[in-house]
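The values are calculated or read from the model by the stated rules, or taken from the named source; none is laboratory data. All figures in this text were calculated on a predicted structure; none of them were measured in a lab. For neighbour counting, all protein chains shown are included, and Cβ atoms are generated from backbone atoms with ideal geometry for every residue, glycine included. For accessibility, only protein heavy atoms count, side chains too; no ligands or nucleic acids. Shrake-Rupley method; radii C 1.70, N 1.55, O 1.52, S 1.80 Å.
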Amino acid sequence: MSVFDTLGDVYQRSATELPFREHLERYSMHRVVGDVTGLEVLDLGCGSGLYARRYAEAGAASVAGVDISEGMLATARAESSAGPATVEYFLRDAAHPAAAADPLLDSRFDLVTAVYVLCYATTPTELAGFFATARQALRDPGGRIVAMTLNPDYGLGRDYFAHYGFTITQDTDGEGAPVTMSGAMPNGAQFSVTAHWWSRQAYEIAARASGFVNMRWTVPTVSAAGVAEYGEDYWAACRAAPHALILEGEADAD
């Protein structure tokens, strides 16, 4: 059983009820991912399937999502069945890729995305495992990974991001240090999960070891719609020290 099994509905609702998810997270991922028309896309750690459905709606040739949580996948399948988007969902532990080939996923995709997934690696081996799963899924050299993950330089302090509906607490330093992210929805529903802090160097070492090159980081930006609706001052804290960054790279030749 995964700690995320009971969070599918909360995670799905947060996409519309917490402004940073739409106007910072989704907007920035869309800018980096670009046009997915005709691409085959895998969303690693797809959760409730929010991004997977959006890729399908945007014209991707095919979309799949994998997650370790049966509860999250149940939410994803229910949400997909209620709309026009067609997405395949698979139960997989992406941090621990199997030694045997996976004919349903290996060498099938042009693009792999991962939103708040890499930071749940508890060890360097698991961090490399996420990247290895992504590399195995990509069809050709040059295929991309685009991942949003915890910013190694986020604003420390329990209440730094409380303005946006969540807090981040980190009591120890060093690679793999636990980071508790807690929050509450406008209706009072609460969530709390534990991720792990990794340096930029740790991410890049794991990526290169798994066959990725040309790694680069992008600072998320706020959409014009978000600024218009909430004002410049609302976004000041996340602009000064964003809680997440986007890491992108290409698959090297085998």
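Against the condition out of contact with any Phe, Trp or Tyr (no Cβ under 6 Å at 6 or more places or on another chain) and open to solvent by 30 Å² or more (accessible area, probe 1.4 Å), how does S199 come out, does it pass? It is false that S199 is out of contact with any Phe, Trp or Tyr (no Cβ under 6 Å at 6 or more places or on another chain) and open to solvent by 30 Å² or more (accessible area, probe 1.4 Å). Applying the criterion of at least 1 residues that are of a type outside the set (S, T, N, Q) and touching an Asp or Glu at 6+ places or on another chain (Cβ under 8 Å) to the strands (runs of 3 or more DSSP E) found wholly in segment 160-212 leaves 177-184, 190-197.
The residue that is nearest to the chain's Cα centre (by Cα), among those in segment 30-78 that are open to solvent by less than 10 Å² (accessible area, probe 1.4 Å) and polar (S, T, N, Q), is S48.
Checking each residue in segment 115-125 for being assigned to a helix (DSSP H, G or I) and either surrounded by fewer than 20 Cβ atoms within 10 Å (Cβ to Cβ) or of a type in the set (G, A, S) (or both) picks out P124, T125. Summed over segment 117-135, residues that are out of contact with any Phe, Trp or Tyr (no Cβ under 7 Å at 6 or more places or on another chain), among the aliphatic types (A, V, I, L, M) and closer than 10 Å to A209 by Cβ total 2.
Consider S48 carefully, then state whether it is out of contact with any strand residue (DSSP E or B) (no Cβ under 6 Å at 6 or more places or on another chain), polar (S, T, N, Q) and part of a loop (DSSP other than H, G, I, E, B). Yes, satisfied. Taking (1) outside any loop (DSSP other than H, G, I, E, B); (2) under 24 Å from E248 (Cα atoms); (3) modelled with pLDDT under 90 in turn, A132 satisfies each apart from (3). The set of residues in segment 14-42 being among the charged types (D, E, K, R) and within 30 Å of Y234 (Cα to Cα) consists of E17, R21, E22, E25, R26, R31, D35. Quick check: is even one residue across segment 3-22 surrounded by fewer than 20 Cβ atoms within 10 Å (Cβ to Cβ), at pLDDT 95 or above and either touching a helix residue (DSSP H, G or I) at 6+ places or on another chain (Cβ under 8 Å) or β-branched (V, I, T) (or both)? Looking through segment 3-22, none of the residues is surrounded by fewer than 20 Cβ atoms within 10 Å (Cβ to Cβ), at pLDDT 95 or above and either touching a helix residue (DSSP H, G or I) at 6+ places or on another chain (Cβ under 8 Å) or β-branched (V, I, T) (or both). Kindly establish whether L104 is over 25 Å from T180 (Cα atoms), among the hydrophobic types (A, V, I, L, M, F, W, C), open to solvent by less than 20 Å² (accessible area, probe 1.4 Å) and in contact with a strand residue (DSSP E or B) (Cβ under 7 Å, 6 or more places away or on another chain). So L104 fails the test.
Scanning segment 232-252 for residues that are in a strand (DSSP E or B) and open to solvent by less than 10 Å² (accessible area, probe 1.4 Å) returns A244, L245, I246, L247, G249, A251. Of all residue pairs spaced 6 or more apart or on separate chains, none has beta-carbon atoms under 6 Å together with a first member in segment 188-206 that is over 21 Å from A251 (Cα atoms) and in contact (Cβ under 8 Å) with a residue 12 or more places away in the chain and a second member that is surrounded by fewer than 17 Cβ atoms within 10 Å (Cβ to Cβ) and basic (K, R).
Output yes when any residue across segment 74-89 is assigned to a loop (DSSP other than H, G, I, E, B) and among the hydroxyl-bearing types (S, T, Y), and no when none is. Checked against the condition, which is being assigned to a loop (DSSP other than H, G, I, E, B) and among the hydroxyl-bearing types (S, T, Y), segment 74-89 yields at least one hit.
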